[in-house]
Amino acid sequence: MSGWMSPVVGLVALAAAVAPVRAEVTDPARAARMMVVAADPRAVEAALDVLREGGGAVDAAIAAQMVLNVVEPQSSGIGGGGFLVYYDAETHAVTSYDGRETAPAAAGPDLFLKPDGTPMEFLDAVVGGRSVGVPGLLRMLDLAHQDHGWLDWERLFEPAYGLAYRGFEVSPRLAASIAETERMDADQGTAALFLTADGTPVPAGATIKAPDLGNTLYDVAKNGAKEFYDRAVIPLDIVRSVQRYEPNPGALSLDDIAAYRAVRRPAVCGPYRVWIVCGMGPPSSGGVAVLQILGALERFDLAALGPESPAANHLIAEASRLAFADRNAYVADPDFVPVPVAGLIDPGYVAARSRLIDPARAMGEAAPGEPPGKQGGLAPMDGGEGRASTTHISVVDADGNAVALTSSIEGPFGSRLMAWSFMLNNELTDFSFEPEIHGVPVANRVEPGKRPRSSMAPTIVMTRDGALVLVIGSPGGSRIIGYVAQAIVAILDWGLDPQAAVALPHVLNRNGATELESGTRAEALAEPLAALGHEIGLKPMASGLNVILVTPDGLLGGADPRREGVAMGQ
């Protein structure tokens with residue numbers, strides 16, 4: 001393993017060959033002891049201040065997340081949910097926390113069916129109360145803080161509510177998101193905050209003040225997560241927003257909110273070459289699918305092929321087909337569906353699936369396999385996860401503990417509904433709209449209290465003896481799986497530093513067309529991949545990979561140039 005973690009020397013040739021979306025490949029951020037990578041510099045600064053005061057990785061992640069709630073409201077916040085993976089430097093234990101939203105008790109399999117029994121149009125389902133699940137983010141962060149927090153909960157909210165009270169400058173990405181998102185005038189509060197008096201989008205550089213959001217964050221800081229779930233004011237406003245919206249009301253109730261619980265779940269871990277990769281298990285498909293992709297690639301010498309070779313990208317696409325076939329058939333909320341996690345990542349099963357990959361020819365649409373432990377029959381069906389927004393935070397603290405936190409309100413500005421100046425999610429559209437196929441139930445169908453399947457993939461990589469190597473994750477809907485798997489390969493197999501890895505043009509497959517990131521050097525792969533039998537699609541891909549790599553000489557960080565994030569440390 002000597003030298004594999006060192007920064008790559010001589011990236012000039014790679015930079016000339018691979019054109020990232022927003023900027024030239026730059027050197028990674030460097031730090032000796034601690035680092036934060038997140039989607040906005042204001043969130044990173046807040047988290048670093050917490051680390052400098054002696055806070056731990058969970059404390060810093062909470063501080064960053066609360067600031068993102070204010071300055072990146074289109075992506076995540078307390079009206080949504082998320083997943084957190086924690087690495088303990090002393091014990092080498094990896095724990096995952098499930099803060100995924102839940103369906104209301106009154107929701108049933110027909111939630112997204114029209115009166116004639118056909119599925120609703122996606123946007124019609126998104127906008128309004130029907131799509132809103134019980135928010136889980138605060139309960140999850142509270143649980144992780146109870147286990148691993150070092151500073152007072154109240155301290156972690158100060159930067160966020162300060163920004164909400166004082167006002168914050170609208171970034172170019174936020175302004176673009178406001179301008180591009182449909183039905184921003186669906187809710188009076190949303191329109192008042194993000195549209196000008198004449199109904200036009202608030203421009204970049206303008207200042208937004210959100211005193212109601214400041215009050216909400218201040219109250220939660222003072223009184224804890226129970227302020228959000230158990231007291232009258234905030235839950236009542238959520239329920240009113242959801243139930244009173246016409247023409248698409250929801251059934252979320254005060255009882256649903258009070259009953260919500262975050263869950264500690266075992267991390268899903270497996271080997272990849274000389275490393276151990278740990279991620280989030282169901283109801284997220286991210287951890288299982290990333291491990292399946294990596295496991296299927298292990299028999300190939302990717303290092304010899306290189307990041308721009310058609311051969312390497314063909315193999316990654318084929319491994320991804322197989323993972324998505326299994327994901328769509330088997331992965332859902334494990335409290336409702338028997339998910340054969342151990343079987344899906346079993347080395348023997350993954351090796352057998354890998355043998356379906358022909359290095360000389362694309363296989364076309366893959367069928368799901370028969371993993372050990374499979375119980376009964378479930379119909380394959382993809383969920384919504386359409387124009388997902390989402391955010392990711394990576395943290396390493398001074399003691400070497402780490403957090404990978406991916407959180408979301410699903411679509412840009414979620415359901416477009418607001419309560420006390422925070423956006424409410426539309427995560428229920430991540431369920432499959434059709435509850436059954438030919439009389440066979442769909443694993444990810446809507447059920448009361450159920451958590452919709454996700455593709456979020458906060459990931460920790462370690463050496464075989466438990467030393468921290470990599471903290472990684474990304475937004476991007478179901479493409480998250482491909483983004484994270486590709487970046488892991490780029491760092492571990494191709495030796496790219498984190499900044500070069502996150503800037504690499506994307507090539508992925510979700511068991512359909514092989515998607516190439518438009519406007520990048522990935523387009524040059526279209527012809528050779530088509531010659532191997534791939535159907536090709538050119539797509540813009542707004543990933544937000546945020547990565548920290550541990551090396552013998554300190555920490556290296558990379559922030560995706562497609563967004564506005566930064567990596568900083570000391």
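Among the candidates Ala513, Ala530, Ala526, the residue that is within 23 Å of Asp430 (Cβ to Cβ) and over 19 Å from the mean Cα position of the chain (by Cα) is uniquely Ala513. Candidates in the range 539-558 are the residues that are over 25 Å from Leu525 (Cα atoms) and of a type in the set (A, V, I, L, M, F, W, C); of these, the one that is surrounded by the fewest Cβ atoms within 10 Å (Cβ to Cβ) is Val550.
Each residue in the range 157-188 was checked for being closer than 17 Å to Asn215 by Cβ and either open to solvent by less than 30 Å² (accessible area, probe 1.4 Å) or modelled with pLDDT under 95 (or both), and 7 of them qualify. Only residues that are at pLDDT below 95, open to solvent by 70 Å² or more (accessible area, probe 1.4 Å) and in contact with a strand residue (DSSP E or B) (Cβ under 8 Å, 6 or more places away or on another chain) were counted across the range 6-59, and they come to 1.
Regarding Ala210, is this residue closer than 30 Å to Glu180 by Cβ, in contact with a Ser or Thr (Cβ under 6 Å, 6 or more places away or on another chain), surrounded by 21 or more Cβ atoms within 10 Å (Cβ to Cβ) and not aromatic (Phe, Trp, Tyr)?
Numbers: closer than 30 Å to Glu180 by Cβ: yes; in contact with a Ser or Thr (Cβ under 6 Å, 6 or more places away or on another chain): yes; surrounded by 21 or more Cβ atoms within 10 Å (Cβ to Cβ): yes; not aromatic (Phe, Trp, Tyr): yes.
Judged against the criteria, Ala210 is a match.
Flag: Ala323 does not match the condition of being assigned to a loop (DSSP other than H, G, I, E, B) and crowded, with 24+ Cβ neighbours inside 10 Å. Pairs meeting the criteria (first residue in the range 265-278 and basic (Lys, Arg), second residue in a strand (DSSP E or B), beta carbons under 6 Å, at least 6 apart or on different chains) are Arg265/Ser96; Arg265/Asp98.
Against the conditions (1) modelled with pLDDT of 95 or more; (2) over 23 Å from Val339 (Cβ atoms), where does Gly411 fall short? Just the number, please. The number of the failed condition is (1).
If you check Thr95 against the conditions, is it open to solvent by 10 Å² or more (accessible area, probe 1.4 Å), touching a Phe, Trp or Tyr at 6+ places or on another chain (Cβ under 9 Å), of a type in the set (S, T, N, Q) and within 25 Å of Arg33 (Cα to Cα)? So Thr95 fits the description; yes. Against the criterion of being open to solvent by less than 20 Å² (accessible area, probe 1.4 Å) and among the aliphatic types (A, V, I, L, M), Ala367 does not qualify.
Of a type outside the set (Val, Ile, Thr), open to solvent by less than 10 Å² (accessible area, probe 1.4 Å) and at pLDDT 95 or above: does that describe Gly295?
Details: of a type outside the set (Val, Ile, Thr): yes; open to solvent by less than 10 Å² (accessible area, probe 1.4 Å): no; at pLDDT 95 or above: yes.
Taking the combined requirement at face value, the residue does not satisfy it.
The values are calculated or read from the model by the stated rules, or taken from the named source; none is laboratory data. All values derive from a computational prediction rather than experimental measurement. Don't worry about glycine lacking a Cβ; one is built from the backbone with ideal geometry, like all the others, and counts go over all protein chains shown. When the accessible area is computed, the model is the full protein with side chains, heavy atoms only, and any ligands, DNA or RNA have been set aside. Shrake-Rupley method; radii C 1.70, N 1.55, O 1.52, S 1.80 Å.
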